[in-house]
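For reference, the structure discussed in these notes is given below.
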Amino acid sequence: MTSESAGELAPPSKPDAQEAQLHRLAARWRFVLRTLFIVLAVLLWVAFLEDASHEHRQAVSAVAGRDANLATAVEHYAVRVLGTAQAVNRLLGQQVVQRRDMETIDAMVADRLRANDVFFELGLCLADGRVLTHARSGPRLSAAACAGMLANTPAAPGIAVLPTLQTATRLLVPLALPIADANGKRLAVAVALSPAESMLRVMQSVVLHDDTVVLVLGADGLPRAAWRSRSGHVTEADGFAALADLVRRDTRAQIDGRTYLVSTRTDGPGGLQVKVASASDDALGGFHARRARLLALCALVTIGLAGVYHLLARMQAEGIGRSRALFQARRDLEQANERLDREVQERTAQLEHAYRDLETFSYAVAHDVRAPLASIAGFAGALQAGLAADGNEKHQHYLRRIQSNAAHMDELTRHLLELGRLTRLPIERQPVDLSALAGEVLDRLRETEPQRNVVTEIERGLTAHGDRALLRQVLENLLGNAWKFSSKRAQAHIAFHRDPGAATPGETVFVVQDDGQGFDSDQAPGLFQPFRRMHDREEFPGTGVGLATVQRIVALHGGRVWARSRRDEGARFCFSLPASAE
């Protein structure tokens, strides 16, 4: 298998797998969320349609109930009018049957007309062609009219509502009753002409806000009287033309281009039918207003659901984008870490090579440099006895200079080797009593120069956590410098204590202070470099490696070193160690 095919079959990295899983979860989340919002929207609109349908049925039922009650009221009033007409006509018929004289019958007709204001005209249409009538104005029962009524009035007993008669100002409804003798022979027809509005007089006391039409039909299905809430009673026969669709239909009708809801009451006396029609948009206006408000509310809720969905989808898309950026950042970080690891490995290899070079150098110094120095010192010692016998002071001075420089060079080489070994030695951390170490160092210094008057102050209880041997070197160098550079004082002062005010969080600062020679603080930055000296070697001997050693040891412990001083006013050397190491 080639490397290319192996790369193709290699499993995806963990971030790539996590990103793919995140995309799958995001797609699943969007599907669930979209389905949820669609279901909510469908349920909302189904509830709206169900509620609207229910309210529509209730509104239509309410209108139908109201109109049915109105039709019942109209029928009851019409029954009263027909009953009165039947009673009057029957009374007149009895007079005809009893063969009363015409004067008596005429007087009775006039009397009954005056007693019943619902009638415009009362009369008798006799079978022999005679007409007996009384009218409030302009009688309408002519011989021709009576002939038609005699022909159209059914023989069955009971009042008959005949087709209307038109006057100049109104419509009259003939209410006819057939008169027959004991043998069933028709003798006459008693007729009461009632104004059409009298049959609908009950509508004068009804207050309606909707556009409503009340129509009374005869047994033949033709209009007898009509009333409209917008225009009042229909007073001309032509007015029935606009109601032609209402005459034909029993549930819905079109009148003047508007839809009306129709309620019908049949089986009235004389075959009367009562129809009440209400304009749909007026009767259902409240329902339409409520439905419009509910429709607007559902639309707003739907828009709100869509907005929430888009907001959540956008937030999810932004989250996915941030996740992608995070995965990309992780991949970049992993690549950077890999590059850094390679660089660290390369630098580590370089450092190891440098350390090996340093060890080689140290070995060369230890054997190739110190060996000649030892030979020089040995030959100088052999010459010293001969030169002492010769007595030449100049030669003896030169020999002492050779011996001194050889010894200094040997000491310098030794200190340099020790400084190089510091970076390679492991640190053995343990609790260290710095106060006790400082006391031991100062006691050893007193033994070397017992004649000196030095006042020492050591704060008790100073402890640290570190390598005891290395921390001893720190104190030996710092306290040794304080002892050395205060040697010109008749009474010197050396102190070792802690300085809480100079410490930063997480560290402890220790101070070695003297009142010796001092130095300029401007030179302090280079003070801790190897072979850096602030004074002449003839005045104060030394190699210039001690403070570099101090800086290296403190740095290995994770601390720092600094100094403050003024010439002829002493020096203050501070070093810090981690507080957790105390």
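The values are calculated or read from the model by the stated rules, or taken from the named source; none is laboratory data. Keep in mind that what you see is a predicted model, and the values were worked out from it rather than measured. Please note: Cβ atoms are built from the backbone with ideal geometry, for glycine as well, and neighbour counts cover all protein chains shown. Note: areas computed on protein heavy atoms with side chains; ligands, DNA, RNA excluded. Shrake-Rupley method; radii C 1.70, N 1.55, O 1.52, S 1.80 Å.
According to the square roots a ≥ b ≥ c of the eigenvalues of the Cα gyration tensor, what is the shape class of region 432-494, taking rounded for a/c under 1.5, prolate for a/b larger than b/c otherwise, and oblate for the remainder?
Judged from the Cα gyration tensor, region 432-494 comes out prolate (a/c at least 1.5, a/b above b/c).
Compare the Cα positions of Pro500, Leu434, Thr456 along the charge dipole of region 418-507 (+1 at Cβ of Lys, Arg; -1 at Cβ of Asp, Glu; about the Cα centre) and return the one farthest towards the positive end.
Thr456
Roughly how many nanometres apart are two label points built 7 Å out from the Cα toward the Cβ at Asp220 and Val455?
15.0
At 1.4 Å probe size, with no ligands or nucleic acids counted, give the accessible surface of Val274 in Å², nearest ten.
Its accessible surface works out to 10 Å², give or take rounding.
Taking R0 as 35 Å, what FRET efficiency do you get between Ile303 and Gln254 from their Cβ-Cβ distance, rounded to the nearest 0.05?
Efficiency, from the Cβ-Cβ distance: 0.40.
Mind checking the full-extension length gain between Ala47 and Ala182? Use 0.36 nm per residue of separation minus the Cα-Cα distance, one decimal, nm.
Here the answer is 41.5 nm.
Calculated FRET efficiency, Glu346 and Leu556, Cβ-Cβ r, R0 30 Å, to nearest 0.05?
0.80
Let me cross-check Lys275: its accessible surface, 1.4 Å probe, with only protein heavy atoms counted, in Å² to the nearest 10?
0
Can you run phi through the Karplus equation (6.51, -1.76, 1.60; θ = phi - 60°) for region 162-168 and list ³J(HN,Hα) in whole Hz, with x for Gly and Pro?
8, x, 5, 10, 9, 10, 5
Pop out the ³J(HN,Hα) list for region 18-33 in order, Karplus 6.51 cos²θ - 1.76 cosθ + 1.60 with θ = phi - 60°, rounded to Hz; leave Gly and Pro as x.
5, 5, 4, 4, 4, 5, 5, 5, 5, 4, 5, 5, 5, 5, 4, 5
Can you return the aspartates and glutamates within cross-link range of Lys394? Criterion is Cα-Cα under 12 Å, with same-chain partners fewer than 8 residues away left out.
Partners within reach: none.
Students sometimes get this wrong: rank Thr504, Thr251, Thr302 by accessible area, probe 1.4 Å, all chains present, largest first.
Thr251, Thr504, Thr302
Just subtract the alpha-carbon distance of Trp29 and Asp433 from 0.36 nm times their residue separation and send over the number in nm, one decimal.
Full extension of this stretch gives 139.0 nm more.
At a Förster distance of 35 Å, what's the computed FRET efficiency of His395 paired with Asp568, Cβ-Cβ distance as r, to 0.05?
For R0 = 35 Å, the calculated efficiency reads 0.35.
Restricting the calculation to Cα positions, tell me the Rg (one decimal) and the Dmax (whole number) of region 112-246 in Å.
Radius of gyration, then largest Cα-Cα span, for region 112-246: 16.0, 55 Å.
Quick one: what are the phi-derived ³J(HN,Hα) couplings along region 267-284, Karplus 6.51/-1.76/1.60 with θ = phi - 60°, whole Hz, x for glycine and proline?
Per residue, the Karplus-derived 3J(HN,Hα) values read 6, x, x, x, x, 5, 10, 10, 10, 10, 10, 10, 4, 4, 5, 7, 5, 9 Hz.
By average Cβ neighbour count within 10 Å, what is the ranking of 336-344, 38-46, 116-124, 431-439 from highest down?
Taking the mean over residues of other Cβ atoms within 10 Å, the ranking is 116-124, 431-439, 38-46, 336-344.
Report the Cα centroid-to-centroid distance between region 454-524 and region 166-236 in angstrom, as an integer.
133
With all protein chains present, calculate the accessible area of Ile427 using a 1.4 Å probe and round the result to the nearest 10 Å².
The value for Ile427 is about 50 Å².
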